[in-house]
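The values are calculated or read from the model by the stated rules, or taken from the named source; none is laboratory data. Quantities reported herein were computed from a predicted structural model and do not represent experimental measurements. Cβ atoms come from the backbone with ideal geometry, glycine included; neighbour counts cover every protein chain shown. For the accessible areas, the whole protein counts, side chains as well, though only heavy atoms, and no ligand, DNA or RNA atoms are used. Shrake-Rupley method; radii C 1.70, N 1.55, O 1.52, S 1.80 Å.
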Amino acid sequence: MRRTAAITILTATFTCIAGTIAPATAVASAPAQDEAKTAPLPTAKEVVAMMIKAQGGEEALTKHPTASMTGKFSMPAMGMGGPMSIKTSKGSMRIEIDIAGFGKSLQGYSDGVAWSIDPASGAQLLEGSMLESMKRQSNSRGDLDLFKMWDSVKVTGRERFADTDCVLLELKSGKEREVRLIDEKTGRMIASRTVQSSPMGEIPIVTTIEAWKDFDGLNIPVRMSMAVMGQKQVIEVDKMDFAEIPPATFALPPAIKALVADKKARDAESKTVTDSDSDSASSSDSSSSKDSSSSSDSSSSKDSSSSSDSSSSKDSSSSKSGSSKSGSSKSGSSKSGSSKSGSSKSGSSRSGGGE
């Protein structure tokens, strides 16, 4: 969070503020890209290594797992602004911004829950890409875990931005995409481009880093300007300390706890309905299977019975036919015997036959 993360963390809150209190105008266009240079592009690992070195190195990035930043947020064109604070500790985060004429906006992440409360939208749970973004930004290791936090990290080209030669580092995770413009000489991030999901739709955001400062060996951006919905928003950090933060600081507000409980109840109800439908479908399949088996058994029984009957009929018919033939044979034998007997008695008849 304490490095370039401060840019992304505040985006959702600032986007909401801009959409609520400022008219939407044309989004500032991204700087035009120069023609690609002939020199080979550095690898993503080489660029990330440069970024880590520019921020103070691995030792500085892992030295303080807890940090508090204070500063201010402003929208110069509208004359609006107010104090802000960002606190992070061991994977939890809390952001507060108090703008005169608008009210206090809160954002946080803890135990897998990302949330926000502001005068315009009230209390709400952040889900999808915003949840994943808050989860990444609460990681105190920051760019040390860049390859773990994003599905894809690659160098896509070069561009001259704010009179600085930069390489483009593209980060992707699911539908999320962020492009960081990194000074090829110093490794510092000069700007970033992303698209933020919000209740008002997808909003392109261009962030430019204008100043850096060292805090106990850790170099972080201390002045950033963002072009959001045609409005310039400025973030300035004036103080940073690494004192221990009470765990209660990251506790979910009552309104958020109520939303979490409601979500769990709805998820449980949905699961019960799904399980019930699944059991019903399983029971139906089982019944169909039994019916099919019964039908098959019945059919087999009928076929077997029919086959048996047919076989019995054939056997019976064959038996009768055999009996008839046997009877004929016996009758024939009897007749033959009589004939022979008759012939034996009449020798004249045999002689006459021989002639």
Inset, instruction - Have a look at F242, V179, S225 and report the one farthest towards the positive end of the charge dipole of region 149-264, computed about the Cα centre with Cβ charges (Lys/Arg +1, Asp/Glu -1). - result: V179
Legend entry - Greater than 29 Å apart at Cα, pairs in K53/K148; K104/K154; K72/K175; K72/K154: K104/K154; K72/K175; K72/K154
Inset, instruction - Please give the peptides 42-50, 225-233 ranked by average Cβ packing (other Cβ atoms within 10 Å per residue), highest first, as a rough proxy for protection. - result: 225-233, 42-50
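How high is the relative contact order of region 202-242, given as a whole-number percent (alpha carbon pairs under 8 Å, six or more residues apart)?
Computed over region 202-242, the figure is 34 percent.
For region 176-241, what % of the accessible area comes from carbon and sulfur atoms, probe 1.4 Å?
48 percent
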Inset, instruction - Averaging sequence separations of C-alpha pairs under 8 Å and six or more residues apart, then dividing by the length of region 169-263, give the relative contact order as a whole percent. - result: 13 percent
Legend entry - Residues K213 and A77, FRET efficiency given R0 of 30 Å [Cβ-Cβ distance, rounded to 0.05]: 0.70
Inset, instruction - Counting only C-alpha contacts under 8 Å and six or more residues apart, can you give the relative contact order of region 63-161 as a whole percent? - result: 18 percent
Legend entry - Of M78, P119, T88, farthest towards positive along the dipole that unit charges on Lys, Arg, Asp, Glu beta carbons give region 40-128: T88
Inset, instruction - Grab the Cα-Cα distance for A100 and R160, subtract it from 0.36 nm times how many residues apart they are, and report the gain in nm with one decimal. - result: 17.8 nm
Inset, instruction - Return the carbon/sulfur percentage of the accessible area of region 61-117, one whole number, probe 1.4 Å, all protein chains in place. - result: 53 percent
